[in-house]
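The values are calculated or read from the model by the stated rules, or taken from the named source; none is laboratory data. Keep in mind it's a predicted model, so treat the numbers as computed, not measured. Cβ: placed from backbone, ideal geometry, glycine included. Neighbour counts: every protein chain shown.
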Amino acid sequence: MPRKILLDNPSVDPVLGFKEYASGLKDLIERSDPQFSVGVFGGWGSGKTTLMLAIKDQLDDQIVSVWFNAWRYEKEEHLIIPLLDVLRDALVAWAADTEIEIDPSVKKRAIKAASTITKAARAIFAGITVKVKLPVVELGLDANQAVTAWRESSSADDARDAQSPQSPYHASFKALHESLGEFTQRGKQRIVVFIDDLDRCLPSNALQVLESMKLFFDLEGFVFVVGLDQSVIEACINWNYRYSNNSGDAISGPPISGQDYIKKLFQVPFNLPAISRDQVDNYLTAIFLDGKEKDANRDNLMEVVRPHLDVLIGDSEVNPREIKRYINAYILQKLIQPDLDDDATLVLLAFSFRPDWRAAYQAFRSKHDAFIEAVKRQLGGEESALNDLNPNLANLPQSFFQYIKSDSGRKLLSLDAPQLDEQVRALRVTQPSEEAGAYSPLSRGVKTELYTIGGDLRRSADKLDGLRPYDLTGARETLEGIRKSIEKFNYTLQQVSEDQPFRQIPEIDDAKIQLQQLKNDTDVLTFLLGRSDDIQLEDYEKFLERRTKFLGSVQRLLVMFNSLF
């Protein structure tokens with residue numbers, strides 16, 4: 001039996017095509033004109049850090065590599081300051097590396113740039129003028145003194161004042177650009193900045209880092225490689241720029257789309273694929289080899305756990321971190337209670353890890369005896385057994401029943417009452433309880449899901465608002481998109497309502513009522529449009545009138561969800 005967990009560290013010897021990905025991106029960075037940014041897009045645990053480290057390791061040593069872990073500095077009020085500090089440290093370390101064979105003058109320029117970064121960062125932080133031999137300006141002059149100074153000034157004074165920036169930020173960034181530009185020599189020397197863990201930051205901090213990147217975009221010689229979950233960042237941008245206050249009033253002017261923002265920011269998008277069934281064996285081999293030792297119990301894991309991973313993945317894909325979590329949960333339960341049946345333990349963990357089986361997990365935790373009995377009766381032909389126990393169990397997919405009828409599933413069904421009690425106690429050690437709020441208001445997974453659905457709903461509402469007159473086909477298609485978003489909202493709220501914390505939040509019930517009203521309004525609008533392009537003027541005018549009220553309702557609903565986060 002294994003006695004240690006699998007660490008959640010970036011792989012030192014990546015597989016799943018990561019070496020090829022890294023090699024291609026490394027060539028692109030080294031051969032292209034250095035004035036662009038790469039977005040490494042992937043969900044939680046998809047391997048973004050592993051890929052970026054692989055790229056960094058392959059870069060030519062004459063390139064200055066900068067690694068900025070955004071999440072580490074989240075408590076900083078102004079994230080531009082630690083970003084500049086990390087850049088400064090990288091320049092100093094690169095210049096001090098005796099193994100890098102390069103003209104000494106280039107290393108001197110690196111030190112000079114690092115020195116300027118220190119002064120500029122200090123000035124930005126303190127809000128004072130950068131001391132680069134600029135005259136001190138008296139800020140307390142009144143209007144009369146200003147006019148007198150204008151009349152009495154000489155040509156020399158005018159020339160001097162014309163070159164004197166008054167904003168500490170302008171002076172600082174000007175000095176930064178000049179010094180870094182001198183170092184990069186219009187792209188002859190490259191600086192590659194890797195930004196990791198951006199989507200683990202709070203939305204405001206994540207946006208602050210992205211905005212800080214723009215300061216370097218007009219400097220030849222800079223390449224940014226950023227790992228992020230595109231859906232999370234897009235949702236943050238949508239919510240940050242869409243509304244000005246809690247009243248639901250939109251900011252004047254066109255809204256900033258998160259999708260468009262990302263497209264403009266990253267000229268090179270790279271989407272990391274998840275793990276499919278046919279890649280699981282290669283991945284397992286890689287994570288065991290990363291331990292740099294031969295685990296005597298590795299064969300046990302491969303033999304016992306491996307068949308259940310196909311079920312965990314199902315017909316879709318899964319991110320690498322989720323596989324590690326599944327294995328680690330099994331290891332911990334077996335260490336605490338070695339006598340637990342292997343297959344029964346892994347079956348129950350699959351219940352908790354598969355989102356579409358979560359109802360089964362909750363039912364087992366709350367009433368395990370009744371749940372097991374209902375499953376047996378349903379498998380025996382009583383089709384309503386699970387539905388009678390809990391209506392949420394009526395929606396379990398066919399894959400669940402195929403799994404529970406397998407030899408592994410039968411192991412769970414064959415346990416007696418004391419053995420089931422032991423399984424429940426072990427499960428509580430590694431899996432969140434309902435009381436802990438697996439889908440709490442601050443749950444990252446639920447927030448991301450609602451953000452994404454909200455973004456889809458907002459875009460559809462915008463499209464409906466901007467349709468050309470009498471574009472009936474476009475209107476019908478857009479209303480269908482809105483109806484699907486409403487269904488997704490309802491499904492997500494139904495899931496989270498099963499958890500105790502949400503039962504104490506009246507806004508959830510209010511949201512359900514609003515969603516039902518929106519669904520009704522969508523049906524009415526669709527009915528008014530009819531099925532053909534031949535529509536009466538009266539009906540079309542009713543459609544336009546109801547559309548205006550409908551869009552206001554959509555906006556109020558989105559603001560309500562925003563307040564929950």
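Apart from one condition, I535 fits all of (1) at pLDDT 65 or above; (2) in a helix (DSSP H, G or I); the exception is (2). Taking the criterion of being aliphatic (A, V, I, L, M) and without any contact (Cβ under 8 Å) to a residue 24 or more places away in the chain, the residues of the stretch 76-112 that qualify are V86, V92, A93, A95, A96, I111.
Take R354 and tell me if it is buried (at least 19 other Cβ atoms within 10 Å of the Cβ), at pLDDT below 85, closer than 27 Å to A385 by Cα and not aromatic (F, W, Y). Yes; evaluated as a whole, the condition is true for this residue.
Can you go through E449, E480 and tell me which one is modelled with pLDDT of 70 or more and either small (G, A, S) or assigned to a helix (DSSP H, G or I) (or both)? Explain how you work it out, then say what you get.
Numbers: E449 fails: modelled with pLDDT of 70 or more.
Answer to the check: E480.
Checking each residue in the stretch 176-216 for being over 21 Å from I55 (Cα atoms) and outside any helix (DSSP H, G or I) picks out Q185, R186, C201, L202. Apart from one condition, R425 fits all of (1) more than 31 Å from the chain's Cα centre (by Cα); (2) surrounded by fewer than 18 Cβ atoms within 10 Å (Cβ to Cβ); (3) more than 26 Å from I331 (Cβ to Cβ); (4) at pLDDT below 90; the exception is (3).
Quick one: how many residues across the stretch 483-518 are among the aromatic types (F, W, Y) and modelled with pLDDT of 70 or more?
To start, the set of residues in the stretch 483-518 that are among the aromatic types (F, W, Y) comprises 489, 491, 502.
From what's left, modelled with pLDDT of 70 or more: 489, 491.
The number of residues fulfilling the criteria is 2.
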